[in-house]
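Derivation of every value follows stated rules applied to the coordinates shown; laboratory data play no part. Please read these numbers as outputs of a predicted model, since none were measured by experiment. Positions of Cβ are backbone-derived with ideal geometry, glycine not excepted, and every protein chain shown enters the neighbour counts.
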């Protein structure tokens with residue numbers, strides 16, 4: 001039994017590798033997972049939720065460059081551990097002031113602060129405020145930043161919020177799929193295996209949920225649970241289990257009449273053991289395919305909810321929320337602010353769909369080994 005299972009998995013992996021589209025989708029997903037795990041290490045803005053607001057440079061185009069004076073805060077925050085930085089970022093210990101030019105004397109720093117196009121302001125700061133020797137100040141307190149994807153209407157770095165938003169999209173997909181698989185597999189296997197009244201009641205419940213528009217049901221659950229990060233995950237997961245349950249029920253119906261199931265019953269195995277040990281392992285292929293599809297669907301639904309204001313709430317970065325905050329720039333001078341998160345959603349959803357199609361072909365038991 002183990003040799004046959006091993007041979008099938010090896011053959012499935014071989015077929016999957018031959019599918020270039022599926023491999024490309026798998027590569028994009030792997031890159032997205034890596035980005036989501038290391039986003040606070042690679043993002044230019046490492047503050048929590050990439051929420052460093054510099055209003056003077058709001059709505060700047062991709063590739064914009066600006067010099068900044070790093071002015072120490074009066075109450076510096078405590079040191080953030082490496083582990084905590086990976087999870088939630090670290091607060092800034094300085095204030096970033098955009099400058100056009102600067103000069104350093106023995107006892108003061110004079111800057112020409114950038115306020116807006118054509119608007120300048122001269123400011124002076126004593127050297128002792130920086131706590132450093134004046135000879136060392138230029139390289140230490142003046143930096144130049146490049147905003148590769150521009151800034152939003154609050155002056156936040158779009159690239160940083162896009163990278164951290166990857167974590168939100170993958171998290172909502174993962175949790176929603178886990179919830180939908182748990183409920184769908186449980187109810188679908190019970191309906192298919194036991195049949196009779198159990199099947200009738202479960203199928204009636206499935207049909208009722210199926211008849212309600214997905215977005216409307218998500219709205220109802222979201223309003224009941226409240227707006228927030230975890231609430232939207234649960235709401236999406238509770239609406240996606242129906243397709244899983246219908247699929248599992250059909251698979252179990254075809255398997256429960258096979259000889260090895262009859263033999264397991266004759267040996268006195270419990271129904272729970274038969275379902276878990278002998279039936280469910282043989283329906284993992286279709287489950288993996290629908291899980292990939294539901295992953296993509298969850299990402300799109302989360303983006304739609306955030307765009308409508310009932311999903312992830314600001315300042316937490318979500319691709320749908322980023323589109324909502326910047327969509328008015330589409331018809332003005334900087335459409336890329338809204339196009340960038342839209343492209344990210346499209347690429348990640350396409351990757352999961354390509355992988356799902358590849359898994360469907362690779363796990364086809366009728367295929368050649």
| note | Computed over the chain: longest principal axis from alpha-carbon atoms vs helix 196-211 long axis, angle to nearest 10 degrees, is 30
| Stretchable slack from residue 257 to residue 107, in nm (0.36 nm times residue separation minus alpha-carbon distance) | 45.1 nm
| message | Using a 10 Å cut-off around each Cβ, can you sort 121, 302, 325 from fewest to most neighbouring Cβ atoms? | response | 121, 325, 302
| request: Over the residues of segment 52-152, compute the C-alpha Rg and express it relative to 2.2 N^0.38 Å. | output: 1.18
| note | Kirkwood-based Rg/Rh on the Cα set of segment 227-369 evaluates to 1.16
| Alpha carbon Rg of segment 268-316, scaled by the compact-globule rule 2.2 N^0.38 Å | 1.89
| remark: Calculated from DSSP helices alone, with each H run of at least 4 adding -39500 (n - 2.57) and the total divided by the residues of the chain, [θ]222 nm to the nearest 500 comes to -19000 deg cm²/dmol
| According to a simple spin-label model (label point 7 Å from Cα along Cα-to-Cβ), what is the distance in nm between residue 211 and residue 154? | 4.3
| Where a ≥ b ≥ c are the square roots of the eigenvalues of the C-alpha gyration tensor, would you call segment 79-132 rounded, which needs a/c under 1.5, or, failing that, prolate if a/b is larger than b/c, or oblate? | oblate
| message | Quick check on segment 216-265: take the gyration tensor over C-alpha atoms, sort the square-rooted eigenvalues as a ≥ b ≥ c, and tell me if it's rounded (a/c under 1.5), prolate or oblate. | response | prolate
| Relative contact order for the chain, counting Cα pairs under 8 Å that sit 6 or more residues apart, in percent | 22
| query | For the residues 218, 168, 23, what sequence is obtained by ranking on other C-beta atoms within 10 Å, fewest first? | reply | 23, 218, 168
| query | Going highest first, how would you order 47-56, 225-234 by mean Cβ packing within 10 Å? | reply | 47-56, 225-234
| message | Please compute the Kirkwood hydrodynamic radius of segment 274-352 from all pairs of different C-alpha atoms, in Å with one decimal. | response | 14.4
| field | Sequence of 42, 279 once ranked by neighbouring C-beta atoms within 10 Å, starting from the fewest | value | 42, 279
| request: Determine the relative contact order of segment 52-152: mean sequence separation of Cα pairs under 8 Å and six or more apart, normalised by residue count, in whole percent. | output: 40
| note | Taking a ≥ b ≥ c as the square roots of the Cα gyration tensor eigenvalues, with a/c under 1.5 meaning rounded and otherwise prolate when a/b beats b/c or oblate if not, the chain comes out prolate
| Over segment 62-114, what is the mean sequence separation of C-alpha contacts under 8 Å (at least six apart), divided by residue count, expressed as relative contact order in percent? | 37
| Distance between modelled label sites at residue 13 and residue 343, nm, 7 Å Cα→Cβ extension | 3.5
